[in-house]
Amino acid sequence: MANKLLYPRNSATRRVVSMDGMWNFKFDYKQEGEAKDWKNGLKDPIKIPVPASFNDFFVDKDSREYAGDVWYETKLYVPSEWKDMDLDIRFDAATHFATVYVNGVEVAQHKGGFLPFNANINEVVKFDAENTVVVKINNELSRQTLPIGQTITLENGKKMVKPYFDFFNYAGLQRSVRFVATPKESIVDFTVNHHLDGEDARVDYLVETTGESQVYVTVYDEDGIEVASAKGKEGTILVKNARLWNVLDAYLYTFKFEIKDGDRLIDEYKQEIGIRTVEVKGTKIYINNKPVYLKGFGKHEDSDVVGRGFNIGIMKRDFELMKWIGANSFRTSHYPYSEEIYQMADREGFIIIDETPAVGLFESLMNFLDASKGSEVKFFDNPEVHKETLDHHLQVIRDLITRDKNYASVCMWSLLNEPDSTTDSSVSYFEALFDLAHELDVQKRPRTFANIMMAPPGVCKCSHLCDVISLNRYYGWYTKGGYEMSDAENGFRKELDEWAKYDKPVIFTEYGADTYSGEHKLPSVMWSEEYQVDYLDMQHSVFDSYDFVVGEQVWNFADFQTTEGIMRVNGNKKGIFTRNRQPKLAAYKLKQRWESLPIGFKG
Ligand code: CKX
């Protein structure tokens with residue numbers, strides 16, 4: 001069975017049935033689900049919405065903090081009219097480890113909570129009947145999962161997940177689940193790569209199918225007019241007078257891929273595609289041969305009640321707020337986001353820095369805050385990290401690039417967030433990641449990782465691998481905050497003077513200050529809305545002093561949920577917007593700045 005990761009779409013030859021809604025659900029407190037054959041169906045279940053994290057629906061702490069297996073069940077009716085087709089259940093994600101059973105038979109397993117996978121059911125399906133679909137999901141973390149953490153057992157015998165990162169370990173069926181019927185001979189994948197040729201564009205394409213019939217590609221403009229076409233599984237399409245996809249000025253062509261036997265249509269798949277190029281030259285990032293300055297945010301898929309569950313309303317509100325504030329980019333911190341968000345970014349013309357779930361690659365007990373004082377053994381000095389963790393990390397990169405490679409909005413790959421890049425043992429691990437990303441991405445987009453403040457120039461051993469240097473810096477917050485901010489600024493400038501020697505573009509993928517919405521103080525003090533403004537003013541004054549700084553992404557777009565801690569007030573409050581998407585004072589300050597910065601600022 002070909003590894004089909006194409007986003008599920010109805011077409012003349014394909015059928016997609018949503019499986020979203022209320023599913024049966026059980027916690028497996030006694031770890032008895034396997035022994036009691038819950039794979040055949042759940043007895044005395046409760047109901048739970050899909051897509052959503054399970055954690056925030058309940059009123060008791062054991063449910064919210066549950067660590068271990070949870071079981072989901074639903075029924076799926078399959079008509080016999082589809083008996084000659086490939087029948088798959090496509091999970092947009094299952095966090096973090098999933099085992100899928102249909103009619104009591106295991107049909108798929110998947111490790112990793114933020115990328116899609118398929119469960120083929122042809123061998124076990126009952127036609128013209130209800131089929132029992134059961135999904136066992138485990139939410140525990142270790143050094144061999146991405147993201148990284150640990151799972152401990154409390155003295156009362158209950159398990160607890162302790163993330164090495166600063167966001168709540170939401171879990172479950174957090175994205176949509178769909179039943180997909182495709183022809184036996186089908187389009188499995190395609191890849192596009194764009195070249196500008198004066199007013200024209202040449203689009204190299206490669207189509208992967210499960211058979212040998214002829215492939216046809218037809219390109220339509222936004223008015224549905226055919227503008228180009230080609231025949232064959234591989235080739236180049238010339239789009240005359242191409243309307244390019246530009247930042248905040250998007251244009252999407254519809255590419256229709258067909259497999260035909262003579263006039264008989266075998267399979268059809270369509271996707272909207274923006275034609276653009278992205279590259280790094282010197283210390284600048286170019287889109288369509290024009291320099292761009294990134295303005296925007298680190299975000300999270302995070303909202304009230306549904307946790308990390310895909311929330312289409314929040315997605316819409318977030319884009320409206322980002323347009324309002326003058327942003328043009330965001331990073332999918334710290335994991336690949338729902339595909340609908342990339343589709344929206346394509347449509348709205350936003351640049352995405354697409355990040356893997358490689359966060360917490362630091363020896364730490366609580367989370368990154370302990371990173372500098374975790375155990376003496378450095379993360380990459382652990383031999384098993386270079387085996388199981390690296391194998392999984394490389395697989396995640398393969399799946400990430402397979403899933404997202406054709407989105408115009410995806411302009412950079414962030415392969416890790418705040419790893420311990422300070423040891424010789426980290427270099428071979430990073431080299432493997434960066435080499436694979438370069439090999440797999442035909443568009444050769446820039447590669448980076450978000451560098452933590454403990455890994456400045458001369459200490460970091462891996463920044464030379466980056467095409468773009470991405471920095472997470474908190475001068476004036478985690479170091480020398482408050483009245484010491486002037487010293488913080490001096491230290492900041494000294495560090496940037498060192499980064500200048502890399503002669504590469506530098507972007508800030510994080511800078512921010514925790515701000516309790518409604519807290520006001522004149523003169524400002526830390527945690528007040530006024531301090532967030534003063535803090536941002538200092539950062540921007542530093543950024544504007546360096547020509548090679550070509551991007552600023554504030555941490556964070558919105559307040560978000562974390563584990564409990566003495567520095568978290570029901571979550572991380574560095575949002576420019578509150579968790580329910582209302583502006584703090586700094587939002588107006590940022591709007592003023594970003595609306596004044598041209599897209600080619602410093603270009
Ligand atoms: N960086 C000093 C990773 C984010 C956290 C952020 C924070 C840290 C800062 C590291 O996921 O939320 O502390 O706000």
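Could you please give the count of residues in segment 453-466 that are closer than 24 Å to residue 556 by Cα and more than 16 Å from the ligand (Cβ to nearest atom)?
Within segment 453-466, residues that are closer than 24 Å to residue 556 by Cα and more than 16 Å from the ligand (Cβ to nearest atom) number 2.
When you scan segment 436-452, do you find a residue that is assigned by TED's automatic domain parsing to the domain that holds residue 552, within 16 Å of the ligand (Cβ to nearest atom), of a type outside the set (S, T, N, Q) and part of a loop (DSSP other than H, G, I, E, B), even just one?
Applying the first criterion (assigned by TED's automatic domain parsing to the domain that holds residue 552) to segment 436-452 yields 436-452.
Then keep just the ones that are within 16 Å of the ligand (Cβ to nearest atom); that gives 448-452.
Add one more test, that the residue is of a type outside the set (S, T, N, Q), and what stays is 449-450, 452.
Okay, now just the ones that are also part of a loop (DSSP other than H, G, I, E, B), so 452.
The answer is yes; a qualifying residue exists.
If only one of 578, 515, 509 is within 16 Å of the ligand (Cβ to nearest atom) and either farther than 18 Å from residue 474 by Cα or open to solvent by 10 Å² or more (accessible area, probe 1.4 Å) (or both), which one is it?
Values: 515 fails: either farther than 18 Å from residue 474 by Cα or open to solvent by 10 Å² or more (accessible area, probe 1.4 Å) (or both); 509 fails: either farther than 18 Å from residue 474 by Cα or open to solvent by 10 Å² or more (accessible area, probe 1.4 Å) (or both).
Testing whether each residue is within 16 Å of the ligand (Cβ to nearest atom) and either farther than 18 Å from residue 474 by Cα or open to solvent by 10 Å² or more (accessible area, probe 1.4 Å) (or both) leaves just 578.
Could you please let me know if residue 207 is β-branched (Val, Ile, Thr), at pLDDT 95 or above, assigned to a strand (DSSP E or B) and over 30 Å from the mean Cα position of the chain (by Cα)? Explain how you work it out, then say what you get.
Values: β-branched (Val, Ile, Thr): yes; at pLDDT 95 or above: yes; assigned to a strand (DSSP E or B): yes; over 30 Å from the mean Cα position of the chain (by Cα): no.
In short, no.
State all residues of segment 163-178 that are among the hydrophobic types (A, V, I, L, M, F, W, C), under 17 Å from residue 143 (Cα atoms) and in a strand (DSSP E or B); if no residue qualifies, say none.
Listed by number, the list is empty, since nothing qualifies.
Please work out if residue 280 is under 23 Å from residue 469 (Cα atoms) and in contact with an Asp or Glu (Cβ under 7 Å, 6 or more places away or on another chain). Even if it seems obvious, please write down each step before you answer.
Working: under 23 Å from residue 469 (Cα atoms): yes; in contact with an Asp or Glu (Cβ under 7 Å, 6 or more places away or on another chain): yes.
Against the criterion (under 23 Å from residue 469 (Cα atoms) and in contact with an Asp or Glu (Cβ under 7 Å, 6 or more places away or on another chain)), residue 280 qualifies.
Please enumerate the residues belonging to segment 100-137 that are of a type in the set (D, E, K, R) and more than 23 Å from residue 82 (Cα to Cα). Break it down into steps so the answer makes sense when it comes.
Our first condition is that a residue be of a type in the set (D, E, K, R); within segment 100-137, this holds for 106, 111, 123, 126, 128, 130, 136.
The answer is 111, 136.
Are any of the residues in segment 196-213 open to solvent by 20 Å² or more (accessible area, probe 1.4 Å) and under 19 Å from residue 349 (Cα atoms)? Give the derivation first.
Initial filter on segment 196-213 (open to solvent by 20 Å² or more (accessible area, probe 1.4 Å)): 196-200, 202, 204, 206, 208-210, 212-213.
Keeping just the survivors that are under 19 Å from residue 349 (Cα atoms) gives 196.
Yes.
Kindly indicate whether residue 584 is touching a helix residue (DSSP H, G or I) at 6+ places or on another chain (Cβ under 6 Å), of a type outside the set (A, V, I, L, M) and at pLDDT 95 or above.
Working: touching a helix residue (DSSP H, G or I) at 6+ places or on another chain (Cβ under 6 Å): yes; of a type outside the set (A, V, I, L, M): yes; at pLDDT 95 or above: yes.
Yes, satisfied.
Those residues that are surrounded by fewer than 22 Cβ atoms within 10 Å (Cβ to Cβ) and either in a loop (DSSP other than H, G, I, E, B) or in contact with a Leu (Cβ under 6 Å, 6 or more places away or on another chain) (or both), I need them from segment 104-122; list them, please.
104, 122
From the set of residues in segment 528-546 that are in a helix (DSSP H, G or I) and open to solvent by less than 10 Å² (accessible area, probe 1.4 Å), which is nearest to residue 600 (Cα to Cα)?
Restricting attention to segment 528-546, the residues satisfying the condition of being in a helix (DSSP H, G or I) are 529-543.
Next cut, open to solvent by less than 10 Å² (accessible area, probe 1.4 Å) only: 531-532, 535-536, 539, 542-543.
Working: 531: 29, 532: 26, 535: 25, 536: 21, 539: 20, 542: 18, 543: 15 Å.
That would be 543.
Checking residue 549 against (1) more than 11 Å from the ligand (Cβ to nearest atom); (2) under 21 Å from residue 482 (Cα atoms); (3) crowded, with 16+ Cβ neighbours inside 10 Å, which test does it fail?
(2)
Checking the condition closer than 24 Å to residue 340 by Cβ and in contact (Cβ under 8 Å) with a residue 12 or more places away in the chain, which residue from 240, 270 passes?
270
Which members of segment 351-406 meet the condition of being in a loop (DSSP other than H, G, I, E, B), modelled with pLDDT of 95 or more and of a type in the set (Val, Ile, Thr)?
If the condition is that a residue be in a loop (DSSP other than H, G, I, E, B), modelled with pLDDT of 95 or more and of a type in the set (Val, Ile, Thr), then 356 is the only one that fits.
Counting only residues that are farther than 23 Å from residue 335 by Cα and out of contact with any strand residue (DSSP E or B) (no Cβ under 8 Å at 6 or more places or on another chain), which one in segment 71-103 is least open to solvent (accessible area, probe 1.4 Å)?
Within segment 71-103, the match that is least open to solvent (accessible area, probe 1.4 Å) is 79.
Can you list residue pairs whose Cβ atoms sit under 6 Å apart, with the first residue in segment 472-491 being more than 9 Å from the ligand (Cβ to nearest atom) and the second being among the acidic types (Asp, Glu)? Count only pairs 6 or more apart in sequence or on different chains.
Hits for this filter: 480/487.
The values are calculated or read from the model by the stated rules, or taken from the named source; none is laboratory data. Keep in mind it's a predicted model, so treat the numbers as computed, not measured. Because the Cβ atoms are built from the backbone with ideal geometry, glycine has one as well, and the counts that use them run over all protein chains shown. We work out accessible area using only protein heavy atoms, side chains counted, and drop any ligands, DNA or RNA first. Shrake-Rupley method; radii C 1.70, N 1.55, O 1.52, S 1.80 Å.
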